[in-house]
1. When you go through ASP68, ASP49 one by one, which is the residue that is on the phi > 0 side of the Ramachandran plot and at pLDDT 95 or above?
2. Could you check the stretch 157-251 for helices (runs of 4 or more DSSP H) lying wholly inside it with 3 or more residues that are at pLDDT 95 or above and of a type in the set (A, V, I, L, M, F, W, C)?
3. Do any residues in the stretch 223-239 that are within 20 Å of THR29 (Cβ to Cβ) have Cβ atoms under 6 Å from those of residues that are open to solvent by less than 10 Å² (accessible area, probe 1.4 Å) and assigned to a helix (DSSP H, G or I), where the two are at least six apart or on different chains, and which pairs are they?
4. Would you mention how many residues in the stretch 146-163 are crowded, with 22+ Cβ neighbours inside 10 Å and closer than 15 Å to ASN80 by Cα?
5. Taking VAL283 and the conditions (1) of a type outside the set (D, E, K, R); (2) open to solvent by 10 Å² or more (accessible area, probe 1.4 Å); (3) outside any strand (DSSP E or B), which numbered condition does it fall short on, given that it satisfies the others?
6. Just the residues that are touching a helix residue (DSSP H, G or I) at 6+ places or on another chain (Cβ under 9 Å), without any contact (Cβ under 8 Å) to a residue 60 or more places away in the chain and at negative phi, please, taken from the stretch 14-24.
7. Condition test on PHE301, is it out of contact with any strand residue (DSSP E or B) (no Cβ under 8 Å at 6 or more places or on another chain), in a helix (DSSP H, G or I) and crowded, with 20+ Cβ neighbours inside 10 Å?
8. For the stretch 232-257, what are the residues that are farther than 26 Å from LYS334 by Cβ and open to solvent by 30 Å² or more (accessible area, probe 1.4 Å)?
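The values are calculated or read from the model by the stated rules, or taken from the named source; none is laboratory data. Just so it is clear, the structure is predicted and the values come from calculations on it, not from any experiment. Positions of Cβ are generated from backbone atoms using ideal geometry, with glycine treated the same way; all protein chains shown enter the neighbour counts. The area values use the complete protein model at the heavy-atom level, side chains included, leaving out ligands, DNA and RNA. Shrake-Rupley method; radii C 1.70, N 1.55, O 1.52, S 1.80 Å.
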Amino acid sequence: MGKKISEHVTWVGKVDWELKRFHGDEFSTDRGSSYNSYLIRDKKNVLIDTVWQPFDKEFVARLKEEIDLHDIDYIVMNHNEIDHSGSLPELMREIPDTPIYCTKKGEAIIRGHYHQDWNFVNVKTGDTLPLGETTLTFVEAPMLHWPDTMFSYLSGDNILFSNDGFGQHFATESLYNDTVRQEDLYYEAEKYYANILNLYSPMVTKKVKEVLALNLPLSMIAPSHGVIWKENPAQIVEKYLQWADAYQENQITIIYDTMWNSTRLMAESIGLGIQKADPSVKVKLMNAAKDDKNDICTEVFRSKAILVGSPTINYGFTYAIGGILEMIKGLKFKKKKAASFGSYGWSGDAPKQIAEKLAECGFEVVGDPLRKLWVPDQKAIEECRSYGENFCALIRQQ
Ligand code: FEO
């Protein structure tokens, strides 16, 4: 059943409580997600976005409880990744001639996915669609986070339909930002930004400023995942501007993998050294093989510097460290510093290779890689602590 969110708009989406993995295995969704679709009823009726394909029949059946499908005058697709466009085939079987408003890239993506010659209407920034008492205005937002993305703004009810932008993978019983635990909401919003949008931060800044310059009255931001920002919607806009500006907190994250606990011992000792040198710094230790990769990337996003450690195996670093470094590389974090470390038995290649990889990832690598032979003894542990202290001094200087 739909939920009315404003005079003209009803939420007709799907809450996916059981979703634990998204984008294949690329994104962990521990708190589930939702696929938000919205029905605007005015002199003309509009459906904004659909839901993921596994829920297509349920979505269309529920939509029929809300409205005779033939009374839908237009479909607006703000973004056409399958979690939003996946129910189009089921819906279009019933109303095949209904115009689909989307960007030119959106049309190409829908055609590429579903191979159907539907009635597409391409829109650009500034184009409008009068509905009666309300009007939709389209704003292209390419690479937030796909080339086809656009926002749609509904005047009258003053709602910005932002699709993935400002979204969170967060399944809740309630629809609004002020009805959930703020700590959970902000963690999910930040994790979403760090793992999906961070590499497009220059576009985020540009687009947010462009939309703010329009001075549109804003009563809600209605994204395609998670809660609707109804209570002070500007708060998430301000957060996005902060997050897009090479965000960092007073935090250092130590990411490590370990085979027989020697590299773990080094990681913990380095952490103690950092805390001794600067008790105000939050130190976060994460095991690349055991902790969630998206949580690790979120901690990297928050950090001013990171240390990455791996034992040497087969003349290189471990699979888990290789995986997390590859993710970090893709997310293009800016203005962060880094160093590397690891235990070894003979060749000891990993720390140097990690330092090279960190430089490739865009980090400013400070200090030499730290290596310790076999199991660190008390002297080696003291040296790791000193390394942590010195790392603090190095990142302060440069
Ligand atoms: Fe929620 Fe880019 O799809």
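1. On the way: ASP68 fails: on the phi > 0 side of the Ramachandran plot.
Every option except ASP49 fails the conditions.
2. Values: elements: 182-192, 201-213, 234-243.
Ranges flagged: 201-213, 234-243.
3. Note: pairs meeting the criteria are SER224/HIS84; VAL227/ASN177; TRP229/ASN177; TRP229/ILE236.
4. Residues meeting the conditions: 8.
5. All conditions pass for VAL283, except number (3).
6. Matches in the stretch 14-24: LYS14 only.
7. yes
8. The answer is ASN232, and nothing else.
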